[in-house]
Amino acid sequence: MSDEPEKKRGLFGRLFGGKPDDRAPGPETVADTPPSNAVVPAFEGGEGRDVPAGIPAAASTEELPAKQGWLQRLKAGLAKTSTKLSDGITGVFTKRKLDNETLEDLEDVLIQADLGLETTERVLATLRKTRFDKTIAPEEVRQVLAEEVERVLTPVAVPLRISGLNQPEVILFVGVNGTGKTTTIGKLAARFRTEGRSVLLAAGDTFRAAAIEQLSVWGERTGVRVVSREVGADAAGLAFDALSEAKRDKIDVLMIDTAGRLQNKKGLMEELEKVVRVLKKSDPTAPHQVLLVLDATTGQNAISQVEAFQLVAGVTGIVMTKLDGTARGGILVAISAKFKVPVVALGVGERVEDLQPFDAREFAQAIAQS
Amino acid sequence: MFQSLSDRLSGVFDKLTRRGSLSESDVNDAMREVRRALLEADVALDVVRDFTDKVKAKAVGANVVKSISPGQMVIKIVNDELVAMLGSDASPIDLNAQPPVTILMVGLQGSGKTTTTAKIGHRLTTRDKKKVLMASLDTRRPAAMEQLIILGHQITVDVLPIVAGQTPLQIAMRAQETARTGGFDVLLLDTAGRTTIDEELMDEVAEVKRATSPHEVLLVADALTGQDAVNTAKAFEARVGVTGIVLTRVDGDGRGGAALSMRAVTGRPIKLIGVGEKWDALEDFDPKRIAGRILGMGDIVGLVERAAQTLDAGKAMAIAEKMRKGSFDLDDLSEQLKQVEQLGGMGSIMGMMPGIGKMKKQIEAAGGIDEKMIKRQRAIISSMTPHERRNPKVLDGKRKRRVAAGSGTKPEDVNRLLKQHRDMADMMKMMKKTPGMMGKMAGMMGLGGGGGFGGGMGGGQPSAAELEAMQKELAQLDPQAIAQLPKDVQEALKALPKAGQQQASKTATLPGLGGGLPGLGGGRLPGLGGPALPKGSFPFGGRKK
């Protein structure tokens with residue numbers, strides 16, 4: 001919803017008169033008010049600001065500026081990372097030759113980017129082998145770094161695909177609390193709808209307060225039906241019902257939300273296992289995709305998350321969110337090296353179109369170069 | 001949390017203590033290891049560098065190198081610096097102002113602000129008997145405001161009604177007005193999550209702060225955060241100004257580096273930690289306890305908490321009762337083994353026992369703990385008939401061969417298990433005869449009595465007060481109690497590092513384990529295959545170093 005800030009300004013500007021709304025582009029303000037009240041009258045006007053992200057509005061007002069600039073946006077999202085990384089490297093290398101001390105500093109720089117020790121050491125090994133004790137230009141270091149990162153990431157850059165063989169294609173979303181599962185589902189729902197697919201959402205987070213409402217808002221924005229039950233209901237049962245319904249209505253894509261859970265909570269992980277098990281009762285091939293949503297700000301613990309969720313739910317792909325902050329996505333490199341799980345999408349903002357396919361080269365370049 | 005950091009550090013320390021004298025390069029090597037350990041635990045680089053520099057400066061001094069045990073000196077310095085970095089005293093939420101006391105919650109998206117707001121509201125209402133009003137300024141995330149209303153309903157704390165179309169600032173002003181006129185003691189303002197580079201949103205929250213002059217501004221941050229923790233902390237401190245930090249998801253298995261970074265970067269205390277999904281899963285942050293855990297001093301309170309969380313208190317009590325009556329059969333042993341598994345296995349339990357960090361290393365050196373052994377032992381028991389389980393004596397050679405074949409083990413393994421069961425039963429009898437401190441402890445924790453934790457806890461979560469009382473009691477353990485212990489446990493105690501009287505008395509909690517944990521009875525851990533160690537030696541380090 002990073003369009004909201006702009007829109008928010010617009011709204012604020014109107015309400016307050018004096019707020020810095022100079023940055024707010026005009027068109028958004030036009031779009032906000034009416035749909036909001038129509039959709040969720042109970043909410044603050046703030047909800048209204050989200051609404052333009054929904055299908056009709058997004059198609060008209062938002063997409064034009066957004067589409068042309070997604071790479072820039074991704075880079076801007078990664079900019080802090082890259083700047084820091086490159087600054088560090090430049091700082092290190094303009095000063096010294098490539099000696100042990102320099103390599104140690106470089107190790108720090110890479111670890112600081114959350115790249116993980118294994119990847120860091122691989123980059124260092126390459127450098128040590130080829131360049132030791134030679135003067136090395138900062139650009140070369142970046143090049144080596146980018147190549148190495150890209151090499152690790154290339155095999156996992158697999159875009160999200162709906163094979164069309166399954167009706168419905170069942171996609172289960174898993175992850176720890178607060179990584180952005182529901183938001184990602186909302187964005188994907190919008191995308192699948194623009195692709196002309198029929199979509200059904202299952203509000204499987206029956207634990208957190210208002211999680212069902214949150215998904216319902218996304219459902220209404222994107223014109224997609226949401227299957228839900230009361231809070232505290234059995235998530236597995238809900239998933240089963242949603243799948244039956246999707247089959248009956250010949251839905252193309254069924255996306256199932258789940259409650260966030262820490263991967264070391266045995267009971268909660270068993271609950272997730274049950275969701276998968278119950279889905280298989282209805283369709284032995286389901287879920288066809290299990291997407292783990294990872295928060296880019298997460299450190300080395302992300303590795304443990306991948307491990308645990310893979311074990312319990314058989315993760316088929318990773319979505320990394322919140323790359324629009326200062327967080328470096330470096331941990332993704334470590335994860336790719338270790339697990340080879342496809343990275344299917346990146347979240348670089350809160351707008352519907354801020355969910356982007358993962359491109360290894362761009363990601364690597366964005367990390368290695370400012 | 002903190003477990004693997006602790007493991008790494010104790011590895012470094014082991015190397016240090018093995019040396020008779022330390023050169024400067026020894027210290028440097030050790031500091032490099034410490035640095036790596038901290039970095040792997042997601043402690044921010046700047047903070048790590050600052051930390052190692054400080055330790056180095058003190059450790060390289062002449063005093064250390066010339067002292068009798070330089071290794072210990074370095075460890076002490078690291079310890080002191082770590083405590084200094086975490087802050088030495090707990091710093092709870094400050095409500096010492098004219099009501100309504102406004103508390104502003106800020107943080108990134110998904111860090112847990114709304115949940116934490118509700119937890120604080122719950123705590124202030126129930127524990128501190130305050131009249132609390134909560135208000136959500138999150139006009140962005142779908143259903144965020146509704147979420148707080150639902151939470152308020154669940155915990156019976158008042159929430160400001162939603163008025164559509166208001167800006168966060170307007171809501172904040174309305175909330176303060178409502179709090180004033182409604183005679184509320186505390187006003188909690190939940191805000192939308194925001195990225196720190198979003199200037200407009202940072203301006204927005206800064207403006208809310210200016211307008212409401214909150215007494216506390218709490219930065220809610222995810223304990224699993226990586227290097228970005230430092231950016232987040234710096235940005236919120238610089239743009240908004242925070243008075244304290246709330247770490248969430250501390251119940252995850254992260255290494256907790258974010259705790260160190262945030263505290264160090266902002267200089268603000270970590271006030272609270274979120275440790276679970278329940279409303280009362282919010283604790284005051286106690287730096288000393290955390291530092292102890294990081295340094296492998298153990299966290300017995302944490303262990304008891306975890307036990308209470310995972311174990312079935314009813315079952316534990318039933319087993320403890322059986323033990324007291326001397327009717328502890330193999331079914332009960334199996335149940336107990338299961339509980340050890342549920343607690344995360346022997347390795348994990350031992351990691352939290354004070355002073356065991358070192359022994360763990362020795363055990364690993366002797367072949368390590370085979371966590372699968374517990375599974376195998378349970379398989380052996382499962383392969384017995386109910387009659388055999390109740391009366392192990394009927395197991396003759398033929399039956400043992402059958403059981404071994406049925407469980408995919410060897411008759412020796414069956415024998416070992418049976419001996420373990422017998423030894424435990426003997427130990428139970430002994431415990432019964434010693435009504436002193438140990439008996440008391442056994443009753444208190446259900447540990448010495450063998451029933452697993454939680455038995456004596458009234459069947460529920462231990463309250464903070466209970467834990468505190470327990471901690472005090474543990475600290476006061478009479479050294480004489482040690483003399484009453486079985487011999488092999490005493491030997492183990494001797495092998496423990498002598499770290500001053502306080503530490504020694506803390507280690508007296510060990511016996512509880514000696515008596516109670518299944519498989520420990522025969523001087524052998526489950527999963528620590530007997531042959532790996534000379535017979536009769538206590539696997540914890542009965543052998544002299």
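Things to note:
- Restricting segment B:411-426 to residues that are exposed (fewer than 15 other Cβ atoms within 10 Å of the Cβ) and among the acidic types (Asp, Glu), the residue that is modelled with the lowest pLDDT is B:ASP426.
- Segment B:241-285: number of residues that are within 11 Å of chain A (Cβ to nearest Cβ) and either within 14 Å of B:VAL43 (Cβ to Cβ) or in a helix (DSSP H, G or I) (or both): 6
- Options A:LEU311, A:LEU323, A:LEU294; residue that is farther than 15 Å from A:VAL152 by Cβ, in contact with a helix residue (DSSP H, G or I) (Cβ under 7 Å, 6 or more places away or on another chain) and modelled with pLDDT of 90 or more: A:LEU294
Residues are listed down the side, and each one gets a yes or a no for (1) crowded, with 19+ Cβ neighbours inside 10 Å; (2) farther than 16 Å from B:GLN109 by Cβ; (3) basic (Lys, Arg):
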| residue | (1), (2), (3) |
| --- | --- |
| B:ARG174 | no, yes, yes |
| B:GLU177 | no, yes, no |
| B:ASP185 | no, yes, no |
| B:GLY193 | yes, no, no |
| B:ALA206 | no, yes, no |
| B:ASP222 | yes, no, no |
| B:ALA235 | yes, no, no |
| B:VAL242 | yes, yes, no |
| B:VAL250 | yes, yes, no |
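- In segment A:222-240, residue farthest from B:ALA144 (Cα to Cα) [restricted to those that are within 14 Å of chain B (Cβ to nearest Cβ) and touching a helix residue (DSSP H, G or I) at 6+ places or on another chain (Cβ under 9 Å)]: A:VAL224
- The single condition among (1) within 11 Å of chain B (Cβ to nearest Cβ); (2) closer than 22 Å to B:GLY254 by Cβ; (3) touching a helix residue (DSSP H, G or I) at 6+ places or on another chain (Cβ under 9 Å) that A:GLY219 does not meet is (2).
- Taking every residue in segment A:276-290 that is surrounded by fewer than 18 Cβ atoms within 10 Å (Cβ to Cβ) and pairing it with any residue that is in a helix (DSSP H, G or I), at least 6 positions away or on another chain, the pairs with Cβ-Cβ distances below 8 Å are A:ARG277/A:ALA236; A:LYS281/A:PHE240; A:SER282/A:PHE240; A:SER282/A:LEU243; A:SER282/A:SER244; A:SER282/A:LYS247.
- Residue check for B:THR232: within 12 Å of chain A (Cβ to nearest Cβ), in a helix (DSSP H, G or I) and within 30 Å of A:GLU307 (Cα to Cα): yes
- Residue within segment A:241-252 that is part of a helix (DSSP H, G or I), hydroxyl-bearing (Ser, Thr, Tyr) and away from chain B (no Cβ under 12 Å) present: yes
- Qualifying residue in segment B:174-190 (condition: without any contact (Cβ under 8 Å) to a residue 40 or more places away in the chain, under 18 Å from A:GLU350 (Cβ atoms) and either of a type in the set (Val, Ile, Thr) or touching a Gly at 6+ places or on another chain (Cβ under 8 Å) (or both)): no
- Residues within segment A:167-215 that are on the phi > 0 side of the Ramachandran plot and within 14 Å of chain B (Cβ to nearest Cβ), tallied: 4
- Which listed residue, of B:GLY71, B:GLY110, is touching a strand residue (DSSP E or B) at 6+ places or on another chain (Cβ under 9 Å), modelled with pLDDT under 95 and over 20 Å from B:ILE171 (Cα atoms): B:GLY110
- Subset of segment A:243-273 that is surrounded by fewer than 24 Cβ atoms within 10 Å (Cβ to Cβ) and small (Gly, Ala, Ser) - its residue that is nearest to A:LEU292 (Cα to Cα): A:ALA259
- Of all residue pairs spaced 6 or more apart or on separate chains, those with beta-carbon atoms under 6 Å, a first member in segment B:39-57 that is within 7 Å of chain A (Cβ to nearest Cβ) and a second member that is charged (D, E, K, R) and part of a helix (DSSP H, G or I) are B:LEU45/A:ASP108.
- Check on B:GLY456, buried (at least 16 other Cβ atoms within 10 Å of the Cβ) and modelled with pLDDT under 60: yes
- Those helices (runs of 4 or more DSSP H) lying entirely in segment A:254-370 with at least 2 residues more than 29 Å from B:LEU45 (Cα to Cα) and within 12 Å of chain B (Cβ to nearest Cβ): A:266-282
- Residue match in segment A:173-187 (condition: crowded, with 24+ Cβ neighbours inside 10 Å, assigned to a strand (DSSP E or B) and touching a residue at least 60 places away in the same chain (Cβ under 8 Å)): yes
- Selection of segment B:226-252 for residues being of a type in the set (D, E, K, R) and farther than 17 Å from B:GLU283 by Cα yields B:ASP228, B:LYS234, B:GLU237, B:ARG239.
- Residue tally, condition closer than 15 Å to A:GLN167 by Cα and of a type outside the set (A, V, I, L, M), over segment A:247-261: 5
- Qualifying residues in segment B:120-172 (those that are hydroxyl-bearing (Ser, Thr, Tyr) and over 24 Å from B:ARG194 (Cβ atoms)) - the one surrounded by the fewest Cβ atoms within 10 Å (Cβ to Cβ): B:THR156
The values are calculated or read from the model by the stated rules, or taken from the named source; none is laboratory data. All values reported here derive from a predicted model rather than from experimental measurement. FYI the Cβ positions are ideal-geometry reconstructions off the backbone, even for glycines, and counts take in every protein chain you see.
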